[in-house]
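Read through the structure below, which is laid out as structure tokens, and then see the notes.
The values are calculated or read from the model by the stated rules, or taken from the named source; none is laboratory data. What you see is a predicted model; the values in this text were computed from it and never measured. Note that each Cβ is placed from the backbone with ideal geometry, even for glycine, and that neighbours are counted across all protein chains shown. Accessible surface areas use protein heavy atoms only, side chains included; no ligands, DNA or RNA. Shrake-Rupley method; radii C 1.70, N 1.55, O 1.52, S 1.80 Å.
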Amino acid sequence: ETSSAYTVSHTAAIMLVARLADAITPGAVGDLAAVPDAVAQALGNEGEVAALAGQWAERSTIYGIGAGAHEPAGHELAIKVNEAARMRCRGYASEQFLHGPQAQVEPAEDAVVAFAGADAASARTETVARFALDVGMPVAWVAPTAGPSGTQPLLVPDVGEQLAPMVELIPTQLLAAHLAARRGVDADDFRLGEAVFKQAFERYDL
């Protein structure tokens, strides 16, 4: 790993867990052989992601939203954008977002990244996307197929519900990196360049 944001190692760790599950019950998580090509194809979104970063770099808060197996991608988006770009970013389950956090969004200042797939849980993520669009927030839709009209598609291959997070994470990592660049932030600094943060970090281990 060469990044303190732990991008390659994060993907590799999930793959290792998937391989362990597959070793215990072959085929339980899907076709592991499809993942490398799917990740490579997901990297093809970089142009669209870079454009989004240009539009969103001064936004106040970005929300990562997903349901079921897609929820972890929302939380990982928050971690990566918080750390690498030092922007406010929050991850929520779709249902959780609809039952409270939606009341405090600022449509002119915020944005949404929605993660979905060809599964029943994603219907509620579509509801979130439509809500965001209705109040005037931009929405990026990370999924194998295009989302509700008005969303910005970031298409990723369909590797099945269990393996989806590995592929969905790629656009989030790219977005964090491009947001950092747009904001003039060293994505790999971890704020260790600031004496008070460096001193504080010396008191605990990651």
Inset, instruction - Return the distance in nm (one decimal) between the two label points of a simple spin-label model at residue 103 and residue 149, each offset 7 Å from Cα along Cα→Cβ. - result: 3.2 nm
Legend entry - By accessible area with a 1.4 Å probe, ligands and nucleic acids excluded, highest first: order of 99, 75, 70: 99, 75, 70
Inset, instruction - Evaluate E = 1/(1 + (r/R0)^6) for residue 123 and residue 9, where r is the Cβ-Cβ distance and R0 equals 35 Å; express this FRET efficiency to the nearest 0.05. - result: 0.60
Inset, instruction - Could you calculate the contour length gain from residue 41 to residue 58, that is, 0.36 nm times the residue separation minus the distance between their Cα atoms, to one decimal place in nm? - result: 3.3 nm
Inset, instruction - Run the numbers on the chain and let me know its relative contact order in percent, using alpha-carbon pairs under 8 Å that are six or more apart. - result: 27 percent
Inset, instruction - Taking H placed 1.01 Å from N in the peptide plane, check which residues at least 5 places from residue 64 or on another chain put their amide H under 5 Å from its amide H. - result: 90, 91, 92, 113
Legend entry - Under-5 Å amide H pairs with residue 154, H placed in peptide plane, nonlocal only: 141, 142, 143
Legend entry - Förster radius 35 Å - calculated FRET efficiency between residue 17 and residue 202 (Cβ-Cβ, nearest 0.05): 0.70
Legend entry - C-alpha center-to-center spacing [segment 61-79, segment 126-168] in angstrom: 11 Å
Legend entry - Table column - 3J(HN,Hα) (Hz), segment 144-158, Karplus curve with 6.51, -1.76, 1.60, x for Gly and Pro: x, 10, 4, x, x, 4, x, 7, 8, x, 10, 6, 10, x, 8
Inset, instruction - Could you run the Karplus curve 6.51 cos²θ - 1.76 cosθ + 1.60 with θ = phi - 60° over segment 101-107 and give me ³J(HN,Hα) per residue in whole Hz, x for Gly and Pro? - result: x, 4, 6, 10, 6, 10, x
Inset, instruction - Take each uninterrupted DSSP H stretch in the chain, measure its Cα extent along the helix axis, and return the ones at 18 Å or beyond whose mean Kyte-Doolittle hydropathy is at least 0.5. - result: 8-24, 164-183
Legend entry - Average accessible area per residue (Å²) across the chain - probe 1.4 Å, nucleic acids and ligands excluded: 49 Å²
Legend entry - DSSP-loop GluC sites (Glu not before Pro) across segment 77-160, with at most 13 other Cβ within 10 angstrom: 109
